[in-house]
Structures are given as C-alpha cells and as structure tokens.
Amino acid sequence: VADAVLRGRPLISRYVTLTGEGVVNPRNLETLIGTSCSELIGQAGGYTGKAQRLIMGGPMMGFTLHSDNVPVVKASNCLLAASAREAPDPGAASACIRCGKCAEVCPVSLLPQQMYWYARAKDLEKTQEYNLFDCIECGCCSHVCPSHIPLVQYYRFAKNESWDLEREKKSAELARQRHEAKLARIARLEAEKKERAQKKRAALARSSAAKRGVGTEADPKKAAIEAALKRAAEKKAQLASAGIKPQNTEHLSDAQQRQIRAADARRVSSAETPTGEAPEQER
Ligand code: SF4
Ligand code: SF4
C-alpha cells in the first residue's frame, strides 16, 4: 500500500514462503508476480526425494498443484513441497455422517454440512441462505471431517457458480434495458415521422386552398381581408338601396362638379320621359 500511495508503484512483486520437507533450502523470497513455481523451487535448491505434493497456500487453506509450471499470483503467499508425513493422502471421500464436527470448529459459526449438501446439489440460493459468502475458507471443517470430504472445494465451487450466475443476470438485465431503449427509440422515430408527414399534408392543403382562392380558418390575415370586403359590400348595398351612388367627385373643381350634376339630371329626365316623346332640348 505504501508503494502504491507514496511511490506510485503498482503491485508487481510479493514475498513467497518456500517450505516443506520436499524442498532443499526452505526460505522466503521476494519474487515478481508471474514467476514460475518451478523457478522458485530451483532458487530454493530444488526438490528433495521426500516431496509428495506441491501445495499453493498453507496446509489447510491451500490447494494441490498438479504441476509446478504455474505462475505466482498476487494471492500466492506460500509454496509447500510437502512430504507424505506432512500431507498424508486423505483417501477417497465418503458420505457425510452428520457428526457435526465441522460446525463445531467453524470460526464463523456456519453450518458447513448444510452448505456442503446444497453446494453438491447445485442449489446456489440455498447455499447463500446458509451464508456461503461468510465462509473465510479457513479449511477447519475439511480438516476435522471424518469422511474426508473436501468441503472447502465445494464452497469455492458454489461461490464461483454464484458469481457466474450474478454476472449472467446482470448481462441479461443490461440486454433487456438495451432492447427496451431500442423499442422506445423506434417508437419515437415513428411518431416523429408521422408528425412530419401530418405537417407536410397540412401545408399542402393550405397551399392548394390558397391557389383556389379559398380562405381557410387557419389563415387569420386572409379571413380579416374577407371580412373587410364583406363589410364594404354590405355598405355598398345599403347605399344603393337608399339611392345613393358613390360620386368620387370631391377632388374635382366646382365647374366640373356642376357639369356632372347637369349630366346626371339629363339622365334622370330622359329616363322619366314617356316613349315616343322627344326629350326637351337643352338650350
Ligand atoms: S464433519 Fe464431515 S461428516 Fe461430519 S457433519 Fe461435517 S461434513 Fe458431515
Ligand atoms: S472453511 Fe468456511 S465453513 Fe469451513 S470452517 Fe472455515 S469458515 Fe467455516
């Protein structure tokens, strides 16, 4: 932690204990992560004739390596080249006899036999109900089990399966969310397309109505013009019914206006003269 915080150096090495009657010079070595176990054993003088099993980790929590051609990882704290006396072969596992010894030694007060039962049946939900993830994999239960059941291996298996299941659930949930977002996007694009088409149709209808000279309710300017024209027509009709015709003579001179009035009077008198009579000649 000090290397990372004070010197900015990531975890690239760790101390590994090489021990057991199967190694010539047991010792602690600082080694780069990724170094081969066979290389480390070579640094410790190689194997003695007593080496029976190579265990990564301690005698209780460790696991047997089937080859020393594996790398050191950040969790590799010990490499045990055990003799037959140090790590006797437990023999084949037999059935659980429900003796309860595993539960007696569990430092976390779990029920190892129940977790074993459900892990073996791959009932992962039940293993979690029995607090599988509280297990610190200390190996005490396996050590005392008279049936030599590799209990910790079952718990590791169940944990890995549970993590896989959780990952699958998360990825299925993400896929569901992506699918719903896609459907929503398609629906939104479809709605926008329909709206655009409706607007286009309305614009076309307005333009064709304008070409035909028909006003539309949607064009208030045009409606106002039509209303003004209507009012003017009504006023004109009222004046006509009262016998008043528009003269538009205000801008003319008095002489011109007199001539117009005289012409109007002649028109009226000729219209009132009976047929066959000649109108009186103007002197
Ligand atoms: S110690 Fe072994 S045999 Fe006994 S209850 Fe636990 S799992 Fe079963
Ligand atoms: S390995 Fe787990 S279940 Fe077994 S004794 Fe240790 S903590 Fe308890």
(Q) Please list, in order, the residues from region 185-215 whose amide nitrogen is less than 11 Å from a point placed 7 Å along the Cα→Cβ vector of GLU226. (A) 210, 213-215
**Q.** Inter-probe distance in nm under a simple model that places probes 7 Å from Cα toward Cβ, at LEU111 and ALA172
**A.** 2.8
Q: Any of LYS122/LYS169; LYS126/LYS159; LYS74/LYS101 with alpha carbons more than 21 Å apart? Name them for me.
A: LYS74/LYS101
Q) What value, in deg cm²/dmol to 500, does the helix sum -39500 (n - 2.57) over DSSP H runs of n ≥ 4 give at 222 nm once divided by the residues of the chain? A) -16500 deg cm²/dmol
Q: Between VAL1 and ALA187, take the C-beta separation as r, use R0 = 45 Å, and let me know the FRET efficiency to the nearest 0.05.
A: 0.30
**Q.** Highest average packing first - 83-90, 205-212, 148-155, Cβ atoms within 10 Å
**A.** 148-155, 83-90, 205-212
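In what sequence do TYR116, TYR130 fall when counting other Cβ within 10 Å, fewest first?
So the residues, fewest neighbours to most, are TYR130, TYR116.
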**Q.** Qualifying lysines (Cα of each under 17 Å from Cα of LYS182; at least 8 residues distant if same chain)
**A.** LYS193
Q: Over region 90-212, calculate the relative contact order: mean separation of alpha carbon pairs under 8 Å at least 6 apart, over the residue count, as a percent.
A: 23
Q | Potential lengthening between GLN259 and SER38 on full extension [0.36 nm per residue; Cα-Cα distance subtracted] | A | 66.0 nm
Q. What is the fewest-to-most order of SER13, SER269, SER76 by other Cβ atoms lying within 10 Å of their Cβ?
A. SER269, SER13, SER76
Q: Excluding residues on the same chain fewer than 8 positions from LYS236, give the lysines whose Cα lies under 19 Å from its Cα.
A: LYS245
Q. Straight-line reach from LYS211: which lysines have Cα under 25 Å away, leaving out those fewer than 8 places along the same chain?
A. LYS199, LYS200, LYS221, LYS222, LYS230
Q | Distance from region 20-47 to region 135-188 (C-alpha centre basis), Å | A | 35
**Q.** For the chain, the fraction of alpha-carbon pairs in successive 10 Å shells from zero, as %
**A.** 5, 14, 13, 13, 7, 5, 4, 5, 5, 5, 5, 4, 5, 5, 3, 1, 0
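A short reminder: the numbers here are calculations on the coordinates, not readings from a lab. Quantities reported herein were computed from a predicted structural model and do not represent experimental measurements. We place every Cβ from the backbone using ideal geometry, glycine too, and count neighbours over all the protein chains shown.
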